[in-house]
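The values are calculated or read from the model by the stated rules, or taken from the named source; none is laboratory data. Keep in mind that this is a model prediction, so the values were computed, not measured. Quick reminder, even Gly has a Cβ in these numbers, built from the backbone with ideal geometry, and neighbours come from all protein chains shown. Remember, those area values only see protein heavy atoms, side chains included, never the ligands or the DNA or RNA. Shrake-Rupley method; radii C 1.70, N 1.55, O 1.52, S 1.80 Å.
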Amino acid sequence: MRRPLAALLSCAAAGLLAACTALPSAAPVAGPRLSPETRAMYDAVEDNGRIVPAIEAEYLSEDKKRQEVTYLAPYSPGTIVVDPGAKRLYRLLGNDRAMRYTVAVGAAGYGFSGQATVAYTRAWPNWTPTQNMLRREPEKYERYAAGVEGGLDNPLGARALYLYRNGRDTYYRIHGTPSPWTIGHDASSGCIRMFNQDAIHLAANVDKGARVIVLPREDRGKWTASDAGDAVAASADAGADATDPA
């Protein structure tokens, strides 16, 4: 059961979001050496009676770990900003600072943008394929039609944040995953996936009703320190061009 379930995800939105599936398992590639602090952040942890496995070192890096960074988004503390193009998610802390997480993004993650709110979160959520998924690929999903209980093999992982817009479910999810090799990459389809350790951390620090901003793909890197530096440089260049004689 483990591999088939790990290959499924539960996001689908009418007209916009396709069913979520995880990437096939990739061969591990040796990564850079990790600091003891980073290694400890992603060690195995007990959660609600389950042991969340440690993230293997080959799927981690100092850049991928969750960390506080400068982020200049013009929203109030507590807002979540999802930057699918950059494979990043930010929880705003105030004073131009944010907690940054690395995510995996599927095709559905690029199909939705704009604002939503966190209607609720679930620990070790159940998962049920949508009717569209059952109609489209019955041979793949019928075995799960009655739903899959939360657990280590469940496609939604340890936590899920359910996003609503104007009181209606968007079917856009921010959630953990049993497939850590996908984090930091595109997937053939899906929403926003995080390391289980990061999904637990995010859910513990997000309030019901929190505002969520999902950037369009072309706004990759918006409001980062490098983006601000590029804007200042462009403005300076434009000013120089305007005053120089033709």
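Pairing residues of the stretch 154-170 that are farther than 24 Å from residue 45 by Cα with residues that are open to solvent by 40 Å² or more (accessible area, probe 1.4 Å) and part of a strand (DSSP E or B), at Cβ distances under 6 Å and at least 6 apart in sequence or on separate chains, gives 164/117. Would you confirm, using the coordinates I've provided, whether residue 5 is open to solvent by less than 70 Å² (accessible area, probe 1.4 Å), at pLDDT below 95 and assigned to a loop (DSSP other than H, G, I, E, B)? No, not satisfied.
Applying the criterion of being out of contact with any strand residue (DSSP E or B) (no Cβ under 8 Å at 6 or more places or on another chain) and surrounded by 15 or more Cβ atoms within 10 Å (Cβ to Cβ) to the residues of the stretch 55-67, the residue that is nearest to residue 203 (Cα to Cα) is 55. Can you spot a residue in the stretch 189-196 that is β-branched (Val, Ile, Thr), in contact with a helix residue (DSSP H, G or I) (Cβ under 7 Å, 6 or more places away or on another chain) and open to solvent by less than 10 Å² (accessible area, probe 1.4 Å)? Yes; the residues of the stretch 189-196 include at least one that is β-branched (Val, Ile, Thr), in contact with a helix residue (DSSP H, G or I) (Cβ under 7 Å, 6 or more places away or on another chain) and open to solvent by less than 10 Å² (accessible area, probe 1.4 Å).
In the stretch 99-191, counting only strands (runs of 3 or more DSSP E) that sit wholly within it, the ones holding 3 or more residues that are within 16 Å of the chain's Cα centre (by Cα) and either modelled with pLDDT under 95 or of a type in the set (D, E, K, R) (or both) span 168-175. Does residue 77 fit the bill of being of a type outside the set (Asp, Glu), modelled with pLDDT of 95 or more, farther than 17 Å from residue 173 by Cβ and surrounded by fewer than 21 Cβ atoms within 10 Å (Cβ to Cβ)? Against the criterion (of a type outside the set (Asp, Glu), modelled with pLDDT of 95 or more, farther than 17 Å from residue 173 by Cβ and surrounded by fewer than 21 Cβ atoms within 10 Å (Cβ to Cβ)), residue 77 qualifies. Take the conditions closer than 24 Å to residue 163 by Cα, part of a helix (DSSP H, G or I), in contact (Cβ under 8 Å) with a residue 60 or more places away in the chain and not hydrophobic (A, V, I, L, M, F, W, C) and apply them to residue 78. Does it pass? Considered against the rule, which asks whether it is closer than 24 Å to residue 163 by Cα, part of a helix (DSSP H, G or I), in contact (Cβ under 8 Å) with a residue 60 or more places away in the chain and not hydrophobic (A, V, I, L, M, F, W, C), residue 78 comes out as no. Cβ-Cβ distances below 6 Å connect the following pairs, each with a first residue in the stretch 101-122 that is open to solvent by 10 Å² or more (accessible area, probe 1.4 Å), a second residue that is in a helix (DSSP H, G or I), and a separation of six or more residues or different chains: 110/84; 110/217; 121/203.
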